[in-house]
Every structure is written in C-alpha cells, then in structure tokens.
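The structure appears below as structure tokens.
The values are calculated or read from the model by the stated rules, or taken from the named source; none is laboratory data. Here the structure is a predicted model, which means the values were calculated and not measured. Reconstructed Cβ throughout: ideal geometry from the backbone, glycine too, with neighbour counts over all protein chains shown. For accessibility, only protein heavy atoms count, side chains too; no ligands or nucleic acids. Shrake-Rupley method; radii C 1.70, N 1.55, O 1.52, S 1.80 Å.
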Amino acid sequence: MKNNRRTFIKLAGIAAAGLAVAPKAMASGSAAPVKTNPEAVHAEHWAMVIDTTKLHTEEEIAELAGICHSIHNVPNIEGKKEVKWLWADEYGHTFPEQENPHLSEEVHHRSFPLLCNHCENPPCVRVCPTKATYKRPDGIVAMDYHRCIGCRYCMAGCPYGSRSFNWGEPRLHMDLAKLNPEFPTRMRGVVEKCNFCVERLAVGKMPACVEASHGAIVFGDLSDPDSDVRKVLREKFTIRRKPTAGTEPSVYYII
Amino acid sequence: MLELALKGSKRYWMWISFLLVLIGIGSLAYVNQLMVGLETTGMGRDVSWGFYISQFTYLVGLAASGVMIVLPNYFHNYKKNKHMVIFGEFMAIAACIMCMLFIAVDVGQPTRMLNVMLHPTPNSILFWDMTVLVGYLVLNLLVGWTCLMADRANLPHPKWLKPFIYTSIIWAFSIHTVTAFLYQGLPGRHYWLTAILAARFLASAFCSGPAILLLVLKITERFTTFQMPKDAVKTLVKIIMYAMCVNMFFFMLEIFTSFYSNMPGHMNPILYLFAGEHGHNELVPYMWTFIVLAFLSIAFLVTPQLRENHKLLPWTLVILVIATWLDKGLGLVIGGFTPTPFETITTYWPTGKELLVSMMVYAIGALVVTVLFKIATDVKEEMGHSQALPCGCSSEDVCECAPEGE
C-alpha cells in the first residue's frame, strides 16, 4: 500500500510537470508545417464586378450556377429548403430599393446573378456565436462547416438572402457518381454559402464562375489601383445591392 | 426539500404521469428530428426561424415577469405579496429551462452547442443571450431555494442573499432586453429593426408573464390549500393592466413611424401581417384577432368593476395571453422574415412534428413548475402562510373569517 501511494505521488508529479510544459510544447508550432502553395493568388481585398450587359439571361446564369454547384458539391433540392450558392433573379428582387416604375424594359427583364456579397461589414460574421462564419484578411467571408452549430442566426442577419441551411442530409440530393472529391460535402444541420472559390484561389485559379463567364465577370484586388476590377469600376457605372444596409458588398454590378 | 415532491396525492401522480407521457411522445418526434435533421420542420431558406424560436422569445418574457412580484416586494417594501415571490422565482426557473430547451431543439448540430462557450464570441448577441439566461436561472435557483429553506426553518432570509436578489431584479430586465437585441440589430429585417423593440418586449412580458403566473396560481389554489392574498392579486392585476396599455401604445408608435414615414421597407411587413401582400394573407385573421383581443382585454382591465370581478378575471387573462402570444409568439418572428430580402413572400407554418417537439418542451416546463410549486405550497402549508380560509379569503387577508381578523 505504501508503495502504491509513493507511485501515485510520483506519477502525479510527472503529470503535473507535463501539464505545465504541454501548452508551451504545443505552442512551439508557430512555424506551422503547412506550406502555402507558391502558385496561390493573393489580394488585399478580393472583389467582383459583374457586367450585366453581357451576362443576363437565365440560361447563362444557370450554366455558371451549374458549374459552381457541381464543383462545390451543392445538393440539388427543390422548394423552400433549397441550397444555392449562385442563382438568378429579376431586377426588382435584386435591387428592391433601387427600382422605379419606368425602368428600362430591357433592364427590367434582365436576370441578375446573385451570390454572397462578401461584405466589408458582414452582419453574418457579427452575429455568429461560434466564429463559424469569419472574414479572412483578404476580405472573403468564409465558413467553417465543422464549427457551425446550425443556429441560423447568420441567415437572419444576412440582408441579401445569400445563405442556405442543410435542413436534411445533403448527400441524399447529390449525384454521388459525379461528386467532386476535391471539395468536401457538407453534413445536415450546417449553413453554407458561396466562398468566392477560396480553394481555387489557393492553387492559383480564378473562381469557377469568373472563369466560365467569358469575361462578363471581373475578379481582382480592390485595393490595387491597377487591378482589372478597379479599371472597370473607374470606367463603368456600377451599383451594389442594398446600400442602406451599410454592409459594403464586394460584388459590384454594371447595369 | 426535494422530498416534498415525492409525496403527493393520487391526482398529483396522475398529472405527473400524464406530463411524462406527453414528454415521451414529444421526444419521439425529437429523436426523429435528430435522425433526419430539421427538415421535419416547416422552416425553409426564407423563413429560417419558426415556432421554436418564437416560443423561446415568448417564454423569455415569462421568465422576466416574475420580477413584477419580486420588485414591489423588495424595492417598494410592498409586503402583501411576500408569500407569492417564491412562485414568481420558481416560474422563472421553469421558463428559463424551457427557453434553453427551445434553443437546443432549434439548432442543427446540438452536439456542437458547447461551441458557444468554447469559442466565446462577444460580438454575437446569442452569446450574451446564453449568458443572461444561464445567469438568471442560477440567480433564481439560488434566491428561491435559499428563501424557501429559510422559511421552512422559520428563520429570517439570510442577509448575504440581498445583493443576489437586487441583482436578479436588474437581471430580469436584461434578459428580455438582450432577447430583443437578438432581433433588433439586424440591418435587413425591417420589422425588427426598431429601437423600441426592447421596450415593446418588456411591456409585453410584464403583462403576459404575470397573467400566466396568475392563471397558474389560480389552478394551484384549486388543488392545494394555498390562497393568494386578495390585495396582492389586485396589485398584480393593475400592473398587468398598465403593462398591457403600454404594450399597445408602443405598438401604435410602430404603426405611426412606419406609415407616416411611408417607407416601404417599414410598411411591408406590417402590411403583410395585417392586410396580406401578393395574395398571401395567411396571417391576417390571426393578427386582427390579436388586435381585437388586446383591446378587449384592456377594456376588461381598465374598468374597475370588470377588473375586480373574480369570475371574469381568469378569462380576461386568457384573452390577454392569447393576444400577446399572437403578437410576439407568431407575428413577430414570421413578420421579420416576410417579406424576404427579395421582397417576396414565403409562407411558413409549423409542421405536426414541430408542434410535438414544442409540446415536449412545454410538458417539461409544466413538470418543473408542478414539482417546484408542489414544494413551495407544501412549505407554505407547513408554515401556515397564505392558507385558504373557509370564506374564500387568504390567511394574509384582513377578513371576517380570518383568525386574527379585525
């Protein structure tokens, strides 16, 4: 018995020493073993300009949405429980505060591509109780699907209706033979949305919709005065959705 | 003291078993929801909060309302209701538990709920809501239980408890304010984006909560020897009356601001709720029922003869509870989501399974109330506090049949 007590005290001592050292030992990983892809593209503030004079039919937008949804394994669900990252809607729904009864017929009948606006002041980030939605230093509003508890506060917070929730098991609504193995599928009970293709930027590619848009969507660094995005913004008249919400969207529309 | 809950009449055990059956049935629906996800509910991409969150919102009001008995007792030295304080506190405990359960059944990944504490995020009002709810629950458990223990031992309430009691009074206001902040800080939801929302929440809580408490105590009176002192009831009913008047006044302020300013964003949700938009008028009958019942209850409450009519009073309170529930429990959450950010209308209606899960939570709340009230009334009986007299008075009343009546 005596022996036992002695061993216990010894072990407890070692364990206590371990506990004291462990955090330091773990924190020494400041030089993380993760290497950035040398081909990755970087920006201080990613932004997108959509030229709706070039891209405005429902078919064209559906094609882009198809590409986006297939590479991100977005489930195909009909009805009010749908999940969507990129979709089309009419002028009045896209810019509800900027409509007038005598709007040009042509603009009125255009379809407008909608996606997450990657706002500078994102309300979804402000309200998220677990930091599952966060803003990256490059301005992209990203989601950690493993952190999300599914409270859907971000959906109430988003003034643009850009977020979807997985009400049921999303994998039941996917063609499993056509899954993109390079992007994770989601589980039920978490929120998801457009991520400006962070996974493609990390390997030096442009977002999928930008690539497939035949030049109708320009993507680049908003803080670089010489970028393509800034060049277009300088030359063309552009608007953003719901300016009164004060969210400063990073998606601009040429009308 | 918990042992008091284990000894009861046959009727008491029948009621407990009945609640357990309800909880059992409801939990089957909840297990189903856990297996397949929230797709069992009627919510969707546009109306992403529904019945669960609206029940939570309404019940936070019930939790906060106990303070309308506690506050006069401690801040105004109004001692006529001192034997009712414990019921306000115990009701708050049950309400807090129901609130937390309604949040728990609403999240998509309940196993990750602790993330809210593991990754505290002070910029999220939900974090603060959790903090104030847990805090209020702990405060009421501490204060309620300690006071009742002291009563039972025939001792004065301990002095060290005072700071906790005063904190709990302030805290009661905070829980409903924070719940309102949950809604009123969102830029895209016009129906919620109004500075008066927190004030409206408090006004509505301070009429509906005491009304529910009075109704539950009326039922308690029928099954136990407990009897509310007449003057205490009178005062509480007056508080309910003023709070309901203020509640409706605040509502009219909203109407004025929206329609005189003529701003579409502010008018649309109200138009949808009260007149219907784009051919959708599902909520119109409910919202007008709210208006009619609200003013009916005010009419009954402000007329002294009707207010003091004890036969009518329970009905007045029921009318008031229905009215405030339609306003805050139904219209508020749905009106916030409709029209959608695209100015379109998506309708929402809870599914049967959603209602079963809600029934489970309410039954758990009723169980907690039953057990706590059983303990409290047993202690009161032991001590001879607020006991029913043959003439219908309470032993606290100055009444002819009272033993020391003058």
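The table below lists the values:
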quantity	calculated
Aspartates and glutamates whose Cα lies under 15 Å from that of B:K230, excluding same-chain neighbours fewer than 8 positions away	B:E221, B:E308, B:E396, B:D397, B:E400
Spatially proximal lysines relative to B:K10 (Cα-Cα < 18 Å; intrachain offsets below 8 disregarded)	B:K374
Estimated dipole of the stretch B:130-268 in Debye, rounded to 20 [Cβ of Lys and Arg +1, of Asp and Glu -1, Cα centre]	260 debye
Leading residue at positive end of dipole, chain A (Cβ point charges), from A:A132, A:T247, A:P207	A:A132
Shielded by partner chains, the stretch A:176-197 residues - at least 40 Å² of accessible area, 1.4 Å probe, vs chain alone	A:R188
Set of lysines with alpha-carbon distance to A:K236 below 23 Å, sequence-local pairs under 8 removed	A:K54
Anisotropy class of the stretch B:282-406 from Cα gyration tensor, a/c 1.5 cut	oblate
Under 5 Å, built H, 5+ apart or other chain: amide partners of A:D89	A:F112, A:L114
Unpartnered cysteines - no second Cys beta carbon under 4.7 Å - across chain A	A:C68, A:C119, A:C128, A:C148, A:C151, A:C158, A:C197, A:C209
Heavy-atom accessible surface of the protein assembly as shown: percent carbon and sulfur, 1.4 Å	64 percent
Exposure ranking of B:W288, B:W13 by accessible area [1.4 Å probe, largest first]	B:W288, B:W13
Buried on assembly, the stretch A:101-147 (at least 40 Å² less accessible surface than by itself, 1.4 Å probe)	A:R126, A:P129, A:K131, A:R147
At R0 = 56 Å, FRET efficiency that the Cβ-Cβ distance of A:R234 and B:T111 yields, to 0.05	0.65
Anisotropy class of the stretch A:75-175 from Cα gyration tensor, a/c 1.5 cut	oblate
Principal-axis tilt of helix B:313-324 within chain B, Cα atoms, nearest 10 degrees	30 degrees
Candidates B:M35, B:M100, B:M68, ranked by Gaussian network fluctuation over chain B, Cα under 10 Å, top entry	B:M35
Net charge dipole size for chain B [Lys, Arg +1 and Asp, Glu -1 on Cβ; Debye, nearest 20]	420 debye
Taking the C-alpha atoms of chain B, convex hull volume expressed per residue in Å³	153 Å³
Semi-axis lengths (Å, descending) of the ellipsoid that matches the C-alpha gyration tensor of the stretch B:152-212	34, 14, 7
Dipole axis of the protein assembly as shown (+1 Lys, Arg; -1 Asp, Glu on Cβ), positive-most option in B:C393, A:C148, B:P264	B:C393
Helix axis angle, B:51-65 relative to chain B longest principal axis, alpha carbon, degrees	40 degrees
Average accessible area per residue (Å²) across the stretch A:156-255 - probe 1.4 Å, nucleic acids and ligands excluded	43 Å²
Descending semi-axes in Å of the stretch A:1-152, equivalent ellipsoid built from Cα gyration tensor	53, 19, 16
Note, ³J(HN,Hα) from phi for the stretch B:24-38, Karplus 6.51, -1.76, 1.60, rounded to Hz, x at Gly and Pro	x, 4, x, 6, 4, 4, 5, 4, 4, 5, 5, 6, 9, x, 6
The stretch B:144-202-the stretch B:301-321 distance, computed between alpha-carbon centres (Å)	27 Å
Solvent-accessible area per residue, Å², over the stretch B:97-174 with all protein chains present [probe radius 1.4 Å]	48 Å²
Label-point separation in nm, B:K238 to B:N154, each point 7 Å along Cα→Cβ	3.5 nm
Cα gyration tensor, the stretch A:140-245 - rounded (a/c under 1.5), prolate or oblate	oblate
Dipole-positive endmost among B:P341, B:S358, B:T377 within the stretch B:267-389 (Cβ charges, Cα centre)	B:T377
Ratio Rg/Rh, restricted to the stretch B:1-88 and using Cα atoms, in which Rh is the Kirkwood radius	1.14
For A:G150, distant residues with modelled amide H under 5 Å away	A:V191, B:G108, B:Q109
Heavy-atom surface of the stretch B:200-244, accessible at 1.4 Å and reported per residue (Å²)	33 Å²
Between B and A, accessible area buried - total, square angstrom, nearest 100, 1.4 angstrom probe	3600 Å²
Quotient of Cα Rg and 2.2 N^0.38 Å for the protein assembly as shown, N being how many residues it contains	1.12
At 1.567 mPa s and 4 °C, Stokes D of the stretch B:219-287 from Kirkwood alpha-carbon radius, µm² per second	84 µm²/s
Check: the stretch B:1-85 dipole with +1 on Lys, Arg Cβ and -1 on Asp, Glu Cβ, in debye	600 debye
Karplus-derived 3J(HN,Hα), 6.51/-1.76/1.60, for each residue of the stretch A:232-245, Hz, glycine and proline x	5, 4, 5, 8, 10, 7, 10, 10, 10, 7, 6, x, 5, 6
Whole-Hz ³J(HN,Hα) from phi, Karplus 6.51 cos²θ - 1.76 cosθ + 1.60, for the stretch B:368-373, glycine and proline x	4, 4, 4, 5, 5, 5
With Cα atoms, 0 to 90° folded angle of helix A:58-71 axis to chain A main axis	10 degrees
With all protein chains modelled, accessible area of A:D226 [1.4 Å, Å²]	130 Å²
